[in-house]
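A quick write-up on the structure given underneath.
Every read-out reported here was derived from the displayed coordinates using simple, explicitly stated rules and does not represent laboratory data. Everything numeric here is computed off the predicted structure, so don't read it as measured data. In this analysis, Cβ positions are derived from the backbone assuming ideal geometry, glycine residues included, and neighbour counts consider all displayed protein chains.
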Amino acid sequence: MFKINDNYLKLPGSYLFSTIAKKVSAYQAEHPDKQVIRLGIGDVTQPLAPAIIQALHGAVDEMADAATFHGYAPDLGYEFLRNAIAKNDYADRGCEIAADEIFVSDGAKCDSGNIQEIFSVDNKIAVCDPVYPVYVDTNVMAGRTGTYDPKTEVWSDVIYMPCTMANHFAPELPKETPDIIYLCFPNNPTGATITKAQLQEWVDYANRAGAVIIYDAAYEAYISEDDVPHSIYECAGARTCAIELKSFSKNAGFTGTRLGYTVIPKDLTCGGVTLHSLWARRHGTKYNGAPYIVQRAGEAVYSPEGKEQLKAQVAYYMNNAKTIKDGLKAAGYTVSGGVNAPYIWLKTPDRMSSWEFFDYLLERANVVGTPGSGFGPSGEGYFRLTAFGTYENTVAALERIKKM
Ligand SMILES: Cc1ncc(COP(=O)(O)O)c(C=O)c1O
């Protein structure tokens, strides 16, 4: 008789965004005349930039000719893309990362979920609270998180690092020593960042404690302030304690095209074994490479035209962020984020719970956002709006919110 992985049964409810989608569908079925504006899920709305489209077309044409056709991609990624990443995202920022320390993938969600596989089930994880739900949920599936208390919404074997208004949404070093520390800056959902000096403290701590940091930099392109690091490898000592995850989804609109990468420096070892070798083995066994045409599109992100066009795209979303932030402030809300990230984090009014505010906003303004409590217990009483809508929808949503 087969047995299921009953760790899955421990997971509370469905994935946050599935729950939201169901609620919105039910509302729309009941009110077909209402125009709902979605500022909930962090999906982009602008089309792929012309330089990327051109690269895609060129690569598609190559696939039509036996002389230039590409079959299976190298599991770790094509050299042309790994070299472009190593130069632009690392060497140009003074970070020492070699092309063969970069593993190209189909996105940061898979990598952030799969990376835990190369660690023993005995490791204790620490997460910012609130945070992108994939880190905790995938550790639940692996059986690493203990038991769940539905009242407090806390797992017994997870170290939570609360990020609230009191600490400016920046985690403090945990009292109990973790083995694996997930950090995500600029942060989803709070939009907060930490300075290079603050990140250096984490790197020093991890090296002292023998912990590994999994650093999710999916929103790096939105950083506008000088003292905010774009990569954890800007910090001294990060090569011996940090894995970095990156995505092409938010900087270049690849949410539907799918591309990302993970960096594991060869200096990151445990008992003489490099984590690089484990991830290479995992990737080689379970993954057959991002499509050639998509990797060519990824290469175009680093071309001079691509860079210029994407700068404009990020600026477009950040103008939305400013519109939301200024509009909410004018309406009397307490808000943060939106300066180095496309997320605006607001305190729910009148002590409403996050889900109460979700329903209120959907019913009164026909605007969809994301309840903060979906990102962890310390997200209760907060709410996330994204800057990824169109400018017109963003302005319309704010008009409606102001009238509530
Ligand atoms: C922090 C964070 N990491 C990773 C991802 C997923 O990125 P990708 O589209 O590359 O899978 C998201 C998506 O919202 C995210 O917020």
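Can you tell me which aspartates and glutamates have their Cα less than 16 Å from the Cα of Lys325? Leave out same-chain residues fewer than eight positions away.
Answer for Lys325, where 16 Å is the Cα cut-off: Glu392, Glu399, listed by chain and number.
Within straight cross-link reach of Lys196, meaning Cα distance under 19 Å, which lysines are found once same-chain residues fewer than 8 apart are removed?
Once the sequence-local lysines are set aside, what remains near Lys196 is Lys246.
By count of other Cβ within 10 Å, fewest leading, how are Lys175, Lys10 ordered?
Numbers: Lys175 7, Lys10 15.
Ranking Lys175, Lys10 by Cβ neighbours within 10 Å, fewest first, gives Lys175, Lys10.
List, in the order given, every pair from Lys109/Lys347; Lys250/Lys307; Lys109/Lys266; Lys22/Lys124; Lys124/Lys151; Lys34/Lys109 whose Cα-Cα distance in the structure shown is over 25 Å.
The answer is Lys109/Lys347; Lys22/Lys124; Lys34/Lys109.
Which distance in Å, rounded to a whole number, links the C-alpha centroids of segment 338-355 and segment 150-170?
Here the answer is 16 Å between Cα centres.
Measure out, as a whole number of angstrom, how far apart the alpha-carbon centroids of segment 201-240 and segment 274-321 sit.
19 Å
Compute the Rg to Rh ratio over the chain from the alpha carbon atoms, using the Kirkwood formula for Rh, and round to two decimal places.
Details: Rg = 21.1 Å, Rh = 22.0 Å.
In the chain, Rg relative to Rh is 0.96.
Where in the chain is the longest stretch that carries no GluC sites (Glu not before Pro) classed as loop by DSSP and with at most 11 other Cβ atoms within 10 Å?
Result for the longest clean stretch: 226-404.
Restricting to DSSP H runs of at least four residues, report the calculated mean residue ellipticity at 222 nm for the chain, -39500 (n - 2.57) per run over all residues, nearest 500 deg cm²/dmol. If you can, show how the numbers build up before the last one.
On the way: 12 runs with 143 residues, N = 404.
Mean residue ellipticity at 222 nm (helix-derived): -11000 deg cm²/dmol.
Using the Cβ atoms and a cut-off under 11 Å, what net charge is assigned to the surroundings of Glu201, where Lys and Arg are +1 and Asp and Glu are -1?
Residues near Glu201 contribute 0 overall.
For Asp216, which sequence-distant residues (separation of 5 or more, or a different chain) have an amide H within less than 5 Å of its own amide H, given hydrogens modelled in the peptide plane?
Hits under the 5 Å cutoff: Leu183, Cys184, Phe185, Leu245.
Across segment 333-350, in residue order, what do the Karplus-derived ³J(HN,Hα) couplings come to in whole Hz, using 6.51 cos²θ - 1.76 cosθ + 1.60 with θ = phi - 60° and x for Gly and Pro?
So the J values, rounded to whole Hz, are 7, 8, 10, 9, x, x, 9, 10, 7, x, 10, 10, 10, 10, 7, 5, x, 6.
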